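Chemist: Okay, here's the structure, questions in a sec.
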Amino acid sequence: MSQHVLILGGTTEARRLAADLAARPGIRVTTSLAGRVARPAPVAGEVRTGGFGGPGGLADWLRAHRVDVLVDATHPFAATITANAVRAAAATGTRALLLRRPGWSPGPGDRWHPVGSLDAAAEALPRLGRRVFLSTGRLGLAAFRHLTDLSFVVRSVDPPEPPLPPYTRVVLARGPFTVADETRLLRGHRIDVLVTKDSGGKATAAKLTAARDLGLPVVVVRRPEPPAGATVVPDVAGVLLRLGLSSPRGSGAADTCP
Ligand code: NAP
């Protein structure tokens, strides 16, 4: 009998896991996307798009589609869907795993300023510099809109959602980025401070190396804690192990991006 795995996606790990599971006989895999990105990267297996309508709607979906395993592979900052997944899995008795890549840690030479939220990042900025590289994604930028004395470079895959700070230049780009790419961007825009979420993974870490090399301060927004009781695994290989499946070649510590 085939097993149905629902992956809550929107990350590189989710796509990688879907590709692995879709190639295995006896497994049906569906990836759920929020529908925020206009042209999402291709995903193997079945795909559904859009919200479920809260934890109750997700529980209904799990029942209606006879899901055996729910893998929450959403971004570490997607806290609402992660909380919903835990509740829906508990309500339906569905086996659930939370695939969460480890966060970043500062190394020698890093000038990090950890903060608890985008609002706290905005509060810290005026003391740290006037030309800011915001790589926190396209949402939540209203937190910076009152900083009329600072200028911003915002990078995101799709255009950022207004309201934005008045002096904002938008760079539309999809990672991964190399250290040379990031150094060029930081130098080119004469950036003197960065703001990033602690997304973790290798593919978006190059900006941190570039900032360190240039001696720039980085405001790092701490990630939300996983919900109590969630079974957390750090990578695709960890999910496969939990499911009793053999690891694919080249998985495990593979790089990740948003
Ligand atoms: P969120 O705040 O945790 O979720 C808000 C609502 O969006 C959820 O309640 C749910 O709606 C819907 N949703 C989120 N992820 C979904 C999914 N994979 N499938 C179906 N519905 C989903 O999420 P977010 O921070 O806006 O992130 C949205 C998506 O973008 C996630 O899939 C995440 O992996 C990806 N992403 C987020 C970030 C980030 O920084 N937050 C960065 C990169 C990628 P209902 O309640 O109606 O079910």
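The values are calculated or read from the model by the stated rules, or taken from the named source; none is laboratory data. Predicted, not measured: the structure shown is a model, and the values here were computed from it. Positions of Cβ are generated from backbone atoms using ideal geometry, with glycine treated the same way; all protein chains shown enter the neighbour counts. Just the protein is used for accessible areas: all its heavy atoms, side chains included, with ligands, DNA and RNA removed. Shrake-Rupley method; radii C 1.70, N 1.55, O 1.52, S 1.80 Å.
Chemist: Give me the accessible area per residue for the chain, probe 1.4 Å, as a whole number in Å². It would help to have the intermediate numbers written out before the result.
Modeler: Numbers: 12400 Å² over 258 residues.
Here the residues of the chain average 48 Å² of exposed surface.
Chemist: With θ taken as phi - 60° and the coefficients 6.51, -1.76 and 1.60, list the Karplus ³J(HN,Hα) couplings across the stretch 221-232 in order, rounded to whole Hz; mark glycine and proline as x.
Modeler: Karplus values, whole Hz, x for Gly and Pro: 7, 5, 7, x, 5, x, x, 4, x, 5, 8, 9.
Chemist: Sticking with this structure for a sec: Would you mind computing Rg(Cα) / (2.2 N^0.38 Å) for the stretch 21-122, counting N as its residues? Spell out each step's value before the answer.
Modeler: Details: Rg = 16.9 Å, N = 102, 2.2 N^0.38 = 12.8 Å.
Cα-based Rg divided by the globular estimate yields 1.32.
Chemist: Determine the dipole magnitude for the stretch 158-211: charges of +1 sit on the beta-carbon of Lys and Arg, -1 on that of Asp and Glu, nothing else is charged, the reference point is the Cα centre, and the result goes in debye to the nearest 20.
Modeler: On the way: 8 positive and 6 negative charges, 37 e Å.
Here the size comes out at about 180 debye.
Chemist: Consider all pairwise Cα distances in the chain and report the whole-number % of them above 33 Å.
Modeler: Details: 7944 of 33153 pairs.
In whole percent, the long-distance tail amounts to 24.
Chemist: If you take every residue apart from Gly244 with its C-beta less than 15 Å away from the C-beta of Gly244, what net charge results, scoring Lys and Arg +1 and Asp and Glu -1?
Modeler: Details: positive: Arg24, Arg95, Arg242; negative: Asp20, Asp68.
With Lys, Arg at +1 and Asp, Glu at -1, the neighbours total +1.
Chemist: Ok, one more. In deg cm²/dmol and to the nearest 500, what is the mean residue ellipticity at 222 nm of the chain if only DSSP H runs of at least 4 residues count, each as -39500 (n - 2.57), divided by the residue total? Intermediate results must be reported in sequence, preceding the final value.
Modeler: Values: 7 runs with 69 residues, N = 258.
Dividing the helical sum by the residues of the chain leaves -8000 deg cm²/dmol.
Chemist: I would also like to ask the following. Which percent of the accessible area of the chain is formed by carbon and sulfur heavy atoms (probe 1.4 angstrom)? Kindly include the intermediate steps, with their values, before the conclusion.
Modeler: Details: 6570 of 12400 Å².
It is 53 percent, rounded to a whole number.
Chemist: Determine Rg/Rh for the stretch 116-243; Rg is computed over alpha-carbon atoms and Rh is the Kirkwood hydrodynamic estimate from the same atoms. Could you put the intermediate results ahead of the total?
Modeler: On the way: Rg = 15.9 Å, Rh = 15.7 Å.
Computed over Cα atoms, the ratio is 1.01.
Chemist: OK, next. In debye, nearest 20: dipole of the stretch 117-258 around its Cα centre with unit charges on the Cβ of K, R (+) and D, E (-)?
Modeler: On the way: 19 positive and 13 negative charges, 59 e Å.
With Lys and Arg at +1 and Asp and Glu at -1, about 280 debye.
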